[in-house]
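Chemist: So that we are looking at the same thing, I have put the structure below in structure tokens.
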Amino acid sequence: MSLSQSVRPPAGDHPGRKKWDAIVVGCGIMGASVSYNLAARGLRVLNLERFGVNHKFGSSHGKTRIIRLAYYEDPRYVPLLRRAFQSWREAEAKSGKRLLQITGGLMIGREDGELVQGVLKSARTHDLPYEVLDPTGAEERFPAFTLGEEHMVVFEPNAGVLFAEECVRAFVGLASETGCEFRFSEQVKGWRSGPEGVELQTSNGTQVASKVVFCAGPWNGQLLQGLVPLQCERQVPLWFSSAGQDAFSSPKMPVFIMEEEKGVFYYGTPDVGHGVKVARTHGGEVVEPDEVRREVTEQDVAPVRRFISRRMAKLDGPPIASTTCTYSNTPDLNFVVGVHPADPRVVVVSACSGHGFKFGSVLGEVAADLATGEKVPFDIRFLSPGRFAQSGR
Ligand SMILES: Cc1cc2nc3c(=O)[nH]c(=O)nc-3n(C[C@H](O)[C@H](O)[C@H](O)COP(=O)(O)OP(=O)(O)OC[C@H]3O[C@@H](n4cnc5c(N)ncnc54)[C@H](O)[C@@H]3O)c2cc1C
């Protein structure tokens, strides 16, 4: 039986049953931010989360995420990113928590590679500040790295680190203060469009809302029944001891992404209190979101240590910490954000493909615009939920 078919027929107006203005499904960074933004607009909001805040089974846990502006993936993200930076700062001011540290960012690869070409395209299209460095100049200025003659380095001054779990906690706190009700350990089992609203069948009963926003991360694929064709991928970030070396702290070490060979990307953050984070992005096992292998093995560690011995040799040594995390990839690696083509009362926010966290602050605003019928002040047509159905994928 499919998820949506498992919902009981509409129960009508039961006395005492509350109809919410909006229900948000999921409390990762997207759900937390959407919940706050809806509650801040005066809506009665319920957030349903099957686990708890910052649990280890989704995509938002861990100490840090990279944020950057000269977006190699696609210049169309840059207007959203400009606003994301501002709204992270606003969330900091409102919550009193430190969420964002600017470190600068190094994008390293061959001149004709996807990374360098993409960063330059975004920077030039949107007139963003950047510096191009040759490998020797970059090594002198940023001694954490050993580069090759073939490398071109683009330094982006605006990039930095988001303190991921603090970000989630900040939005949950702000949403609660603004009146949002959170119910943890309550799983949405299915949903249907009903005459009185959108009905959700949960592990605890039925809930009805005028609007529903799905922010279920890797589980959006199942809940939305193929509207969002997600392939989930296991990822293993690792942390290494800097042994107190200045070269691995900001400002000596910015966040970085390196295209080591065509299509093979490593990334990392300086030691901002938890060790130096280094990981390969993508290239992981395809998994079901409930069946991610959680133990970290030598197979996970060895490629990263080989990268470190080539490019960051002063960091050599076994990892001091690790975790597993799930990417939810769309076929084009762009997010899915918009109203459901079959029911405009349903909004979808599926922003991963390995790069969504930094957008959490602004996508909360965008989803609130979509749910309340406000005009979205960005061109998000390239993120439309209907695009895979149209392309037949
Ligand atoms: C290793 C790793 C590194 C990354 N690095 C970066 C980076 O440097 N920069 C960047 O911008 N992005 C990065 N990302 C991507 C970013 O972390 C994700 O885009 C973002 O966390 C997605 O958030 P989310 O809220 O959509 O999903 P999630 O955090 O997975 O939240 C979804 C929530 O929905 C809940 N849920 C699911 N199904 C149900 C249900 N049926 N009922 C109730 N609740 C449900 C889940 O329990 C979960 O809490 C990285 C991701 C990973 C895994």
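Chemist: Ignoring ligands and nucleic acids, what accessible area does W191 show with a 1.4 Å probe (Å², nearest 10)?
Modeler: Near enough 20 Å² of accessible area.
Chemist: Would you mind working out the accessible area per residue for the range 42-180, using a 1.4 Å probe, and quoting it in Å²?
Modeler: Accessible area per residue: 41 Å².
Chemist: Quick check: with the 1.4 Å probe, what order do D21, D112, D74 take by accessible area, largest first?
Modeler: So, going from the largest accessible area down, we get D112, D21, D74.
Chemist: For a Förster distance of 25 Å, can you work out the FRET efficiency between the beta-carbons of K314 and E111, rounded to the nearest 0.05?
Modeler: After rounding, the FRET efficiency stands at 0.45.
Chemist: Roughly how many percent of the accessible protein surface of the chain is carbon and sulfur, given a 1.4 Å probe and a whole-percent answer?
Modeler: Reported share for carbon and sulfur atoms: 49 percent.
Chemist: Which order do you get for E111, E233 if you rank them by accessible area with a 1.4 Å probe, largest at the top? Let's see the in-between values first.
Modeler: Details: E111 110, E233 15 Å².
Ranking E111, E233 by accessible area, largest first, yields E111, E233.
Chemist: At 0.36 nm per residue, minus the direct Cα-Cα distance, what do V301 and Q225 gain on full extension? Give it in nm, one decimal, please.
Modeler: Details: separation 76, 0.36 × 76 = 27.36 nm, distance 3.49 nm.
So the chain would gain 23.9 nm between V301 and Q225.
Chemist: Could you provide, to the nearest whole Å², the per residue accessible area of the range 254-321 with probe 1.4 Å?
Modeler: Heavy-atom accessible area per residue stands at 48 Å².
Chemist: Same structure again: Are there trypsin sites (Lys or Arg not before Pro) in the range 270-302 that DSSP puts in a loop and that have at most 14 other Cβ atoms within 10 Å, and which ones?
Modeler: R293, R294
Chemist: Okay, moving on. Which of K121/K375; K19/K211; K18/K94; K56/K262; K97/K277 have a Cα-Cα distance over 20 Å?
Modeler: K121/K375; K18/K94; K56/K262; K97/K277
Chemist: Which order do R98, R169, R311 take by accessible area at a 1.4 Å probe, largest first?
Modeler: Numbers: R98 140, R169 100, R311 30 Å².
From most exposed to least exposed: R98, R169, R311.
Chemist: Please state the relative contact order of the chain as a whole percent: Cα pairs under 8 Å, 6+ residues apart?
Modeler: Values: 892 pairs, mean separation 91.0, N = 393.
Relative contact order of the chain: 23 percent.
Chemist: When only C-alpha pairs under 8 Å and at least 6 residues apart count, what is the relative contact order of the range 245-296, in percent? If you can, show how the numbers build up before the last one.
Modeler: Working: 56 pairs, mean separation 13.1, N = 52.
For the range 245-296, the relative contact order is 25 percent.
Chemist: Moving to a separate point now. Report the relative contact order of the range 130-232, percent, no decimals, based on alpha-carbon pairs under 8 angstrom and at least 6 residues apart.
Modeler: 13 percent
The values are calculated or read from the model by the stated rules, or taken from the named source; none is laboratory data. Just so we're clear, the structure is a prediction, and the values are computed from it rather than from any experiment. So basically every Cβ, Gly included, is an ideal-geometry build from the backbone, and we count neighbours across all protein chains shown. Remember, those area values only see protein heavy atoms, side chains included, never the ligands or the DNA or RNA. Shrake-Rupley method; radii C 1.70, N 1.55, O 1.52, S 1.80 Å.
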